[in-house]
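First up is the structure itself, then whatever we jot down about it.
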Amino acid sequence: MTLLNPLASSLSKGHAMPTENRDDTLAAPHAQAGAPALAAAIPAGHGHVTTSEFKIRARDVNVFYGEKQALFDVSLDVPAKSVTAFIGPSGCGKSTFLRCINRMNDTIPSAKVQGSIEIDGADVNAKSVDPVVLRSRVGMVFQKPNPFPKTIFENVAYGPKIHGLASRKEDLEGIVESSLKKAGLWNEVADRLHQPGTGLSGGQQQRLVIARAIAVSPEVILMDEPCSALDPIATAKIEELIDELRSQYCIVIVTHSMAQAARVSQKTAFFHLGKLVESGPTEEMFTNPRDTRTQDYITGRFG
Amino acid sequence: MLTWLSLLFLALFSSAAFMAGRGRAVKSAGGAAARLHSLPNYYGAYAALWAGVPAAILLLLGAMFGGRVEDALLQAQRPAAVSALTPDRQAVFFSDVQATAEGQAASEVTYEGALKVAFDAKVAEARTIDGVVRYSTLGLAGVLALIGFFLAVPRVNPEFRARNRVEGWIAGVLIACSVSAVLTTLGIVLSLIWESWRFFESVPVLSFLFGTEWAPQIAMRADQVASSGAFGAVPLFAGTFLVMLIAMLVAAPVGLYSAIYLSEYANRGVRATIKPLLEVLAGVPTVVYGFFAALTVGPLFRAGFNWLGAQMIGGPLDGVGQYLGEVQNQMALVAGVVMGIMLIPFVSSLSDDIINAVPQSLRDGSYAMGATKSETVKKVVLPAALPGIMAAMLLAVSRAVGETMIVTMAAGLQAKLTANPLDTVTTVTVQIVNLLTGDQEFDSPKTLSAFGLGLTLFVVTLGLNIIALRIVQKYREQYD
C-alpha cells in the first residue's frame, strides 16, 4: 500500500535515468490502466487486505539483451514479509529477473523488458513510474560488497540524505544507528563510524551494504548472491540477519547454494535456461519437486 | 668503412658460433634434445653472445674514441719549434697535420724551416699511429671473438644451464637501458646545477629568487656585469603563474566536465566520435597553437576590448575605457586562454580514464539506493575519482608551466610584475629561449641566468610531479 502513492506521484523527482524502452502492447492489459483503479479499490489504511499476501506479481516477463532473449514468459508471485529464493544454474536468468524488479536493467542500454511486474498492484514499468523513486522502495544488495569509499556513517547516511529523510542531524544519526543495529553491525562499528567503510572485512562490508539499503526504509530487499564472496562464518551471520529482517521486509534472494535456499527461504523458484521451471513453498520444492529438472538440479545431477 | 666491414664479419663469425654451440649441444645429447637442460637454441645463443658481443663493443668503442686516442698519442711529444707557438697556433698546427695525413685540405698557414721539418715528421707519425690504432683494434677484436668462442663452445654439455646464462645477458641489456636513461637525467641535472653554480657566483641567489626587476640586457655592458637587481626572477615566475592560472581556469572546468560527459552521459556512438577528436586536438603542435593565439585570438580579443573601451569613454568609467582602448594584441589573457584550450584534451583524457576506473559496482550501489544519475556522479563517482583528478590537474599545471611557444608568440617579451591579464607578461621558458637563441658565449651572467631559471623551473615542476605521483599512489589504494 505504501508503495502506491510514491509511485503515482513519482514524476516529482528528477528524472535522470534512461527511460524504459517499453513495448506497451505486450504488457498485461491491466498493467497501467488498472494500476490507479486497483489503488482505489484497495481500502486504504487496512492492514490485512488480500493483495498483501503477494507483494510482487510478475506476469509474462520477457527480457532481451540486444538480440539475445534472457527471460521467457516468467510469471511469479512473491509473498510479502517472507524470503523467496531464486535458484538455478549460472546464466539461467534469475539475476536478470531480480534486476527487473527494481528496474536496474535500465542502466544497461541494450536491455529491453516486456510484460508486467506489479508491486502492490502498481506496474513498475509504467511510464508514470520514476525508477529513482522505485529504487528507494526496492533496495538491492549485490554479489560483491560495494561500500562507497566513504566513512561507515556516510555509507549508511547516503540514502537518507539524497532522499531528504532526515532534516536534522540527530534524525540522521538515529537512522544510521537503527539501520546498523538492524543489520547486526552496530556493536562492531559503533566506535569507528567515521572510518572508511572499505576497511571492514568482507562480511562486515556486506552487512554495511544491507544497513545502507535498510536506511531508506524499503519495502522489498533484493539480494543477488549476497554470500558468494563470503566465508562460512560471515555467511551464517548474513543468513541470521536475513531471517530477522523477514518480519519487516519482503526479501528476494538469488543464490547458488541449495542449502542456503533451504535454510533461509519460505518460497523457492527454480529457473532454467531463462524459463521459470517451478516455484512453490521451499519445503515442498526440496522434498517433493514436481519437475524432473528441478529434482535433477537440487540433487546435484546437473548445474 | 673498415669498422662496418669488420662488424659484418663479426656477425658472420657470431652466427657460426651459434651453429657450433647448437650443434655441439645436440650432438652431446646424442640427438635427443629433451635430454638437454635448455632448448638447443639457448646453447647456440650462448656461444654467439660470447663470440660476438665483447668484440663488437671493442669495435664500437674504437670507432667512437679511436680518433681521440690517436690525437693524444700524436700530441704527446711536441718538437721545440711547435712548443714555441701559442696554444692557438699549436692547435692549428695539429689539425693541419691530421688533415694532411688523411689527405684532406689543410688551412692556408705555411710552415717553414724547423716547423716544416716538424710538420712533415708529424704527418708521417700520424699515418703510422692511425694504422697502429686501427689494426690493433681490429686484431684485439679478433682475439676477443676467438677467446669468447673457445671459452663458450667447450662448456656446452647437456647439464650446462645455457638458458639461465642467456637470460642473464638479456637482463644485463635491460639494466643497461634503464641505467642509461637514469644517467642521462642525472647528467642533465648535474649540468644544470654546474652552470647555475657559475651563474650564482656572479648573481647572489637571494637577489635572483626575490628580486623584482628582470633586465638581463644591462649585464651585456662590460662595466655593469652582474649589476644586481637586473636578475630578479620574480616577474618571470609571476608571469608564468598568471598565464598558468588563466590556462587552468579554462582547462580544468572544461576538461573535467567533458570527461564527466564522455564517461557518464555520452552513449557509445558519441563517445566513439568525440574521444578521437579530442585526441587530435592533443596532437596539434604547440607552435600551431602559438600562431593561432598570435594571429587569430590576439587580434580578436584586442578588437573586443577596444570596442568595449570605446563604449565606455566619456561615461562614468572613462578611465577604464581609455585603458581598454589601448590594449594590444599581446596579453597574458590570450596566451592563457589558448594554452587552456591546448590543455583541455590532456585534462579530459586523463580524467576520463580515472572516472572510468571507478568500479561499476559503486554506481550500481548508488542507483540501487534510488540515487539519480547526477547524485551518483556528484556523491559517489567524483569523490572516488577525486585524487586521480587532482593528479591529472597537477600534471596539466606542470605542462602549463613548461609551455613555451604559445607564450612566446602571444604574451609578449616584457618582464612586468603585474596581475593584470590584459598586460603583456613574459614567462620563465620564454626568457630562457630568448637568452639562449643566437650566437653567444656561455660565460656572461646573461646567458648563464638561463641555467638559473632552468634549474628553478626544474625544481618547481619536479615538485609538482612528485606531488601528483604521491596522490596517484594514494588513489590506487582507494577501492579494493
Can you give the relative contact order of region B:405-460 as a percent, counting alpha carbon pairs under 8 Å and 6+ residues apart? 27
Among the lysines, which fall within straight-line cross-link reach of B:K379, defined as a Cα-Cα distance under 28 Å, with same-chain neighbours fewer than 8 residues apart omitted? A:K13, A:K127, A:K144, A:K150, A:K161, A:K169, A:K181, A:K182, B:K275, B:K474
By the C-alpha gyration tensor axes a ≥ b ≥ c (rounded if a/c is under 1.5, else prolate when a/b exceeds b/c, else oblate), the shape of region B:16-138 is prolate
Excluding same-chain residues fewer than 8 positions from B:K122, which aspartates and glutamates have a Cα within less than 19 Å of its Cα? B:E70, B:D71, B:D88, B:D96, B:E102, B:E108, B:E112, B:D130
Loop sites in region A:198-303: chymotrypsin sites (Phe, Trp or Tyr not before Pro), DSSP, at most 11 other Cβ within 10 Å: A:F302
Taking r as the C-beta separation of A:H256 and B:L60 and R0 as 60 Å, the FRET efficiency to the nearest 0.05 is 0.40
Straight-line reach only, C-alpha to C-alpha below 19 angstrom: list the lysines that A:K68 could link to, leaving out same-chain residues fewer than 8 apart. A:K94, A:K112, A:K275
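Decide, for chain B, between rounded, prolate and oblate: order the square roots of the alpha carbon gyration tensor eigenvalues as a ≥ b ≥ c, take rounded if a/c falls under 1.5, and otherwise choose prolate if a/b is larger than b/c, else oblate. Walk me through the numbers before you get to the answer.
Details: a/c = 3.15, a/b = 1.31, b/c = 2.40.
Because a/c hits 1.5 or more and a/b fails to exceed b/c, chain B counts as oblate.
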Longest exposed-site-free window of chain B, the sites being GluC sites (Glu not before Pro) in a DSSP loop that have at most 12 other C-beta atoms within 10 Å: B:160-325
Would the protein assembly as shown count as rounded, prolate or oblate if I go by the C-alpha gyration tensor, calling it rounded below 1.5 in a/c and otherwise prolate when a/b exceeds b/c, oblate otherwise? oblate
Report the relative contact order of region B:215-475, percent, no decimals, based on alpha-carbon pairs under 8 angstrom and at least 6 residues apart. 29
Chain B: relative contact order as a whole-number percent, Cα under 8 Å and 6+ apart: 16
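Only Lys, Arg, Asp and Glu count, each charged at its Cβ (+1, +1, -1, -1), so figure out the dipole size of chain B about its Cα centre, rounded to 20 debye.
Details: 31 positive and 31 negative charges, 430 e Å.
About 2060 debye.
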To the nearest 10 degrees, the tilt of helix B:234-260 (Cα long axis) against the first principal axis of the alpha carbons of chain B is 80
Roughly how far apart, in whole Å, are the Cα centres of region B:128-159 and region B:172-202? 34
So, in nm, how far is label B:L5 from label B:W197 when the simple model puts each one 7 Å beyond its Cα toward the Cβ? 4.7
In the protein assembly as shown, if the dipole is taken from +1 on Lys/Arg beta carbons and -1 on Asp/Glu beta carbons about the Cα centre, which of B:G131, B:G402, A:P131 is farthest to the positive end? A:P131
Where the centre of each part is set by its Cα atoms, how far does region B:240-259 sit from region A:194-235, in angstrom? 41
Just add up the charged neighbours of A:G274: K/R +1, D/E -1, any other residue whose Cβ is under 10 Å from the Cβ of A:G274. +2
Given R₀ = 51 Å, what would the calculated FRET efficiency be for A:R168 paired with A:I233, taking r from the Cβ atoms and rounding to 0.05? 0.85
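Any read-out appearing in this document is the output of simple, stated calculations on the displayed coordinates, not a laboratory observation. From a predicted model like this one, the values you see are computed outputs, not experimental measurements. Neighbour counts are summed over all protein chains in view; Cβ atoms, including those assigned to glycine, are modelled from backbone coordinates with ideal geometry.
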